[in-house]
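Coordinate-derived values only; no laboratory data. It should be emphasised that the depicted structure is a prediction, and the values quoted were computed from it without experimental measurement.
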Amino acid sequence: MYEGLIRGNIDFPDNSVLHFREFVYVEISIDRKMYSYQYMNSENNLIFRYDNTEHHRKLNLATFPHYKHDGSENNFVNSDAPFLVELLKEIEKILG
């Protein structure tokens, strides 16, 4: 079994930025144990964040521990665990 941490930032032409990190185990298939994708505008305000931290258990979201902060830290919505390519497409739509 192998494990590793992947993290980085992607800067966009409008000065927004996507911060991402994943902690993965690789055996026969990849198992993402932890992930966070946080997209911020040029003023460093949250546009969205996907993560799977378990500290929001009380929200009773159907997709827990996977969820999305949509527009603010306190606006939670159901979400499956996204992949980076899906987030880039979502950002592309936002940027127009």
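Computed values, structure above
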{"read-out": "The chain - Rg over Rh from alpha carbon coordinates, Kirkwood radius", "value": "0.98"}
{"read-out": "Difference of contour (0.36 nm per residue) and Cα-Cα distance, ASN45 to ILE10", "value": "11.0 nm"}
{"read-out": "Cross-link partners of LYS89 among lysines (Cα-Cα below 17 Å; sequence separation of 8 or more within a chain)", "value": "LYS68"}
